[in-house]
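Since the structure comes first, as structure tokens, the remarks are kept for the end.
Readers should treat all values here as calculations from the given coordinates under stated rules, not as data from a laboratory. Predicted model, so just to flag it, every value in this text is computed and none were measured. Here the Cβ positions follow ideal geometry from the backbone for every residue, glycine too, while neighbour counts run over all protein chains shown.
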Amino acid sequence: MKIDLVTIFPGILDGPFRESMIQRAVDKGLVEINLVDLRSYTHDRHRQVDDTPYGGGYGMILKPEPLFEAVEDLRNRSGPGESRVILLTPQGNLFNQGFAWRLAEEKHLILICGRYEGVDERVRTSLVDEEISIGDFVLTGGELAAAVVVDAVVRLLPGFIAEEASENESFTGSLLEHPHYTRPPVFRGMEVPSVLLSGNHGEIARWRRQQSLKRTFERRSDLLDQAELSPDDKLYLETIKNQES
Ligand code: 9D3
């Protein structure tokens, strides 16, 4: 897979990818990541990438010319129809694990990091295939959102981690994790649940499943609607609900 990130602040994205597990994926040849400075696609003396909004108002808008030139240049380096152009914007579709799985199938992603008050509407309507937001909070630009998307997608690429670790986690349809413990068995008076020290693998699996169900019920009951629940699971959830009332 190839990922191009188009930004006016390549420095923001330099560190996150070079420091992390993502660099390991690059070293292994699973993915090629390019930081593309939007300013290198300007032709004027001031290397201007933004301008004031028509009709007046506050803030600046990313101009269409450098973005079109950048994306067209990057696209030409892949085969026809192989590139998917994505704009990071607060108005985009909410990113989730299913979205990440879908993007992990692509050959070439071109991620445009929005800045200022936004991008010229013609970029949206005739250059961009898809718009993504990473959540309902306000960032100063799309760079950190793009880093989140790249991180979530690259770890799904075949060869990144032991397959069993990722295959079981569609997240949609899954539960929150059970509690984890490691040594020591007693830390500042806080004990590890004795079942985990028992060596009884059937009991341990049952305890973990019930802890997952309890946690999901308490914190994210919305996830239970899509979860695959066995008759035992449903019985256990009933007993928790009855305890509450
Ligand atoms: C004051 C005007 N803002 C309304 C809330 C518009 C605005 C434009 C651009 C606010 C933030 C930004 C910069 N954010 C992004 O480019 C962005 C983002 C985000 O802010 N939250 C979640 N996901 C994303 S993806 C890109």
Item to check | Distance between modelled label sites at Val138 and Ala205, nm, 7 Å Cα→Cβ extension | outcome: 5.1 nm
Checklist entry - Cα centroid distance between segment 176-245 and segment 72-122, in Å? => result 39 Å
Checklist entry - Based on the Cβ-Cβ distance from Asn34 to Thr182, what FRET efficiency comes out when R0 is 35 Å, to the nearest 0.05? => result 0.35
Item to check | Ellipticity estimate at 222 nm from DSSP helix runs (n ≥ 4, -39,500 (n - 2.57)) divided over the chain, nearest 500 | outcome: -11500 deg cm²/dmol
Checklist entry - Taking springs between alpha-carbon atoms closer than 10 angstrom, which of Gly57, Gly11, Gly142 fluctuates most in the Gaussian network model of the chain? => result Gly57
Item to check | Approximate shape of segment 70-144 as ellipsoid semi-axes (Cα gyration tensor, √5λ), whole Å, largest first | outcome: 21, 16, 9
Checklist outcome for this item: Ranked on Cβ counts within 10 Å of their own Cβ, fewest leading, Arg155, Arg219, Arg206 go Arg219, Arg206, Arg155
Checklist entry - Whole-Hz Karplus ³J(HN,Hα) for segment 4-12, in order, using 6.51 cos²θ - 1.76 cosθ + 1.60 and θ = phi - 60°, x for Gly and Pro? => result 9, 10, 9, 8, 8, 10, x, x, 4
Checklist entry - Mind listing the phi-derived Karplus ³J(HN,Hα) values for segment 90-95, rounded to whole Hz, using 6.51, -1.76 and 1.60 with θ = phi - 60°, and x for any glycine or proline? => result x, 8, x, 6, 5, 6
Checklist outcome for this item: To the nearest 20 debye, segment 2-161 has a Cα-centred charge dipole, built from +1 on Lys and Arg Cβ and -1 on Asp and Glu Cβ, of 340 debye
Checklist entry - Cα-based Rg (one decimal) and Dmax (whole number) for the chain, in Å? => result 23.2, 72
Checklist outcome for this item: The long-range amide H neighbours of Ser133, using H built 1.01 Å from N in the peptide plane and a cut-off of under 5 Å, are Thr89, Gly92, Asn93, Leu94, Phe95
Checklist entry - Assigning unit charges at the beta carbon (Lys, Arg +1; Asp, Glu -1) and nothing else, what dipole magnitude in debye, to the nearest 20, does segment 200-241 show about its Cα centre? => result 200 debye
Checklist entry - Under a 5 Å amide H to amide H cut-off, with H placed in plane at 1.01 Å, what residues pair with Gly118 once short-range neighbours are removed? => result Leu62
Checklist outcome for this item: Exposure-ranked with fewest Cβ neighbours within 10 Å first, Asp151, Asp129, Asp27 stand as Asp27, Asp129, Asp151
Checklist entry - For segment 233-241, what does the Karplus curve 6.51 cos²θ - 1.76 cosθ + 1.60, with θ = phi - 60°, yield as ³J(HN,Hα) per residue in whole Hz, taken in order and with x for Gly and Pro? => result 4, 5, 4, 4, 4, 4, 5, 5, 4
Checklist entry - Relative contact order (percent) for segment 2-161, with alpha-carbon contacts under 8 angstrom and 6 or more residues of separation? => result 30 percent
Item to check | By average C-beta atoms within 10 angstrom, highest first, the peptides 2-8, 182-188, 212-218, 71-77 | outcome: 2-8, 212-218, 71-77, 182-188
Item to check | Nonlocal amide H pairs with Asp50, under 5 Å, H built at 1.01 Å | outcome: Lys63
Item to check | Environment charge at Arg84 (Cβ cut-off 9 Å; Lys +1, Arg +1, Asp -1, Glu -1) | outcome: -3
